[in-house]
1. Scan the stretch A:31-47 residue by residue and report those that are aliphatic (A, V, I, L, M) and either open to solvent by 20 Å² or more (accessible area, probe 1.4 Å) or within 11 Å of chain B (Cβ to nearest Cβ) (or both).
2. Is one or more of the residues making up the stretch A:75-91 under 15 Å from the mean Cα position of the chain (by Cα), closer than 15 Å to A:ILE4 by Cα and away from every other protein chain (no Cβ under 14 Å)?
3. May I ask you to verify whether A:THR111 is among the β-branched types (Val, Ile, Thr) and open to solvent by 20 Å² or more (accessible area, probe 1.4 Å)?
4. When you go through B:ALA104, B:ALA63 one by one, which is the residue that is among the small types (Gly, Ala, Ser) and within 23 Å of A:ASP38 (Cα to Cα)?
5. Output yes when any residue across the stretch B:54-68 is more than 15 Å from the chain's Cα centre (by Cα), open to solvent by 70 Å² or more (accessible area, probe 1.4 Å) and within 17 Å of A:GLY104 (Cβ to Cβ), and no when none is.
Amino acid sequence: IAGITQAPTSQILAAGRRMTLRCTQDMRHNAMYWYRQDLGLGLRLIHYSNTAGTTGKGEVPDGYSVSRANTDDFPLTLASAVPSQTSVYFCASSDSNRRQILYGYTFGSGTRLTVV
Amino acid sequence: ELKVEQNPLFLSMQEGKNYTIYCNYSTTSDRLYWYRQDPGKSLESLFVLLSNGAVKQEGRLMASLDTKARLSTLHITAAVHDLSATYFCAVVALDSNYQLIWGAGTKLIIKP
């Protein structure tokens, strides 16, 4: 089934540790996004990539980094986790053509991260 | 800067009642999306509204778009418990490479 796969589903992480959240899509969408969702704050964009090889900063990029070596994968790395990074992280993708106009974003199932 | 405001942010209602969720946005856009999120789940696309006056309906939910007023509404008719969820609207910022700008979400609880 076409879509986005995120891993892990959930993780408890010690503060100061490094962690990479994985995101893979098989829809050949050119644009991908990482959001964090916190209670009462809705969705906040962390980083995005409009096409393979390019990335950009979103609303809350500090403490996170991304890479986009190919179309399918868009990993999010926390170099040194802090408790304020406890959140649910969603990866999403879209196509910057007419299909995106019709269908919007496709979301992964999310990663629930707790930093202790 | 494009801002998207939803209201109410929280709504508790009885089954069988009608209600409307509002989504206002601050600048020109020609596309608006409604998503649903169940607790602990991902976001699911509900409606895509692509033009002024667009109206989409699915079951007890109906969404409309007024681009001149920069307003979209999500109307719930004769609510049932299964519609309990958080509903998000999102608007395309025309100068931001198709990025969506999100409202904060409306948490809807429908009591039996």
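The values are calculated or read from the model by the stated rules, or taken from the named source; none is laboratory data. Everything numeric in this text was worked out from a predicted model, so none of it was measured. With ideal geometry, Cβ positions are generated from the backbone for all residues, glycine too; neighbour counts draw on all protein chains shown. For accessibility, only protein heavy atoms count, side chains too; no ligands or nucleic acids. Shrake-Rupley method; radii C 1.70, N 1.55, O 1.52, S 1.80 Å.
1. The answer is A:ALA31, A:LEU39, A:LEU41, A:LEU43, A:LEU45.
2. yes
3. No.
4. The conditions single out B:ALA104.
5. Among the residues of the stretch B:54-68, not one is more than 15 Å from the chain's Cα centre (by Cα), open to solvent by 70 Å² or more (accessible area, probe 1.4 Å) and within 17 Å of A:GLY104 (Cβ to Cβ), which makes the answer no.
One line per residue, one yes/no per condition, for (1) buried (at least 17 other Cβ atoms within 10 Å of the Cβ); (2) touching a residue at least 24 places away in the same chain (Cβ under 8 Å); (3) in contact with a strand residue (DSSP E or B) (Cβ under 9 Å, 6 or more places away or on another chain):
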| position | (1), (2), (3) |
| --- | --- |
| A:ARG17 | no, yes, yes |
| A:HIS29 | yes, yes, yes |
| A:SER49 | yes, yes, yes |
| A:GLY56 | no, no, yes |
| A:SER80 | no, yes, no |
